[in-house]
Amino acid sequence: MSRLVAFGVMALIWGVTWLPTKIAVQTVPPILLATARFLLSGVLFLVIVRVRRLPLRIPALGRIVAASLLITTGCYSFVFWGVAHAPSGLSAIVNLSLMPIFLAFIGFLYGQERLSVRRVGAIGLGVVGLVLLFSGRAGAAEDGVTAVLALLSVAVGTACYAWGSVISRPLTQTMPPLVLAFWETLIGAIGLVPISLLIEGYHPGRFAAFWDGRVLVCLGVMVIGGSLIAFSIFLWLVRDWGAFRAGLYAFVSPVIAVAIGVIYANEPFGWEEVSGMGIMLAATALALAERSSVQVDQAASSRS
């Protein structure tokens, strides 16, 4: 599977999982849902790793723990709390527009990325596209102060994911991405358990909701598609492309999610959505094409 095809599959899956996530959180508290998703994913990752007889050794325990707590525990705790207290459209704009910005900046600080004019331009285009795409879904907040705190929480969660992705790249060079995905998923899920209990409390009746047929289907999509397939691809692309280019799904998945919402939930669709989709896809193409031109220049110089 080529990297571009893999990127497309990842973005498609993470776009599709928005709808089942939205359906499931109507019945199950969001952090509890995330905890169940990643615990199940961790178990299935372990089965796959053992079947393929991959080594489970941990070359850098501290880095793996830090990446796990950032990518899974920190991200989902802050983002889910923020989404629960702020309009979903505004939350999506903050989360998805900040993702490539944080990935580029943090990657630059770690010496993994360079802040080229093309990348800055692509990020700017993508942010404009996101604002247009979600402008009709922004909604109004009932409590201005709470909404501001909620959006700040989304921003912190986004930074956690970006930071964890960047520090994961050296790990992808020393261990199979599937093994890394197992450890980051499992450790992150364990970290979510006390946070779910602290924020959402313990109510046995909430666990019964997992036997709801719709919740089981949605959870299956999130586990198999969102974690086992898409997250594995993401770590593979982080290894080969770097966190910034792998993270450009943030400009593609929303297009798919909105399209699904229009088809299956009769959500609004007008010129803002059409313009936003086109701009975001153009921004992604602009950023993804950068490395190809760099490689061409390098090849040309090596021949001369």
Which numbered condition ILE58 misses (of (1) under 17 Å from the mean Cα position of the chain (by Cα); (2) not in a helix (DSSP H, G or I)) = (1)
Inside the range 98-113, can you point out the residues that are in contact (Cβ under 8 Å) with a residue 60 or more places away in the chain, more than 19 Å from VAL255 (Cβ to Cβ), in a helix (DSSP H, G or I) and not aromatic (Phe, Trp, Tyr)?
-> ALA104, ILE106, GLY107
Within the range 165-206, track down each residue that is farther than 19 Å from ILE71 by Cα and either buried (at least 17 other Cβ atoms within 10 Å of the Cβ) or without any contact (Cβ under 8 Å) to a residue 12 or more places away in the chain (or both).
-> LEU197, LEU198, GLU200, GLY201, TYR202, HIS203, PRO204, GLY205
Report yes if some residue within the range 74-97 is hydroxyl-bearing (Ser, Thr, Tyr), modelled with pLDDT of 85 or more, in a helix (DSSP H, G or I) and within 22 Å of GLU200 (Cα to Cα); otherwise report no.
-> yes
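So that you can scan it fast, the table gives a plain yes or no per residue for (1) out of contact with any Gly (no Cβ under 9 Å at 6 or more places or on another chain); (2) modelled with pLDDT of 95 or more:
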position: GLY15; (1), (2): yes, no
position: ILE23; (1), (2): yes, no
position: PRO29; (1), (2): no, no
position: LEU44; (1), (2): yes, yes
position: VAL47; (1), (2): yes, yes
position: LEU56; (1), (2): yes, no
Which of the residues spanning the range 34-53 are surrounded by fewer than 24 Cβ atoms within 10 Å (Cβ to Cβ) and either in a helix (DSSP H, G or I) or among the acidic types (Asp, Glu) (or both)?
-> ALA36, LEU39, LEU40, GLY42, VAL43, LEU44, LEU46, VAL47, ILE48, VAL49, ARG50, VAL51
What number of residues within the range 65-96 satisfy the criterion of being closer than 20 Å to VAL238 by Cβ and buried (at least 20 other Cβ atoms within 10 Å of the Cβ)?
-> 13
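The values are calculated or read from the model by the stated rules, or taken from the named source; none is laboratory data. This one's a predicted model, so the numbers in the text were calculated from it and none came from an experiment. When we count neighbours, we look across all protein chains shown, and the Cβ atoms used for this are built from the backbone with ideal geometry, even at glycine.
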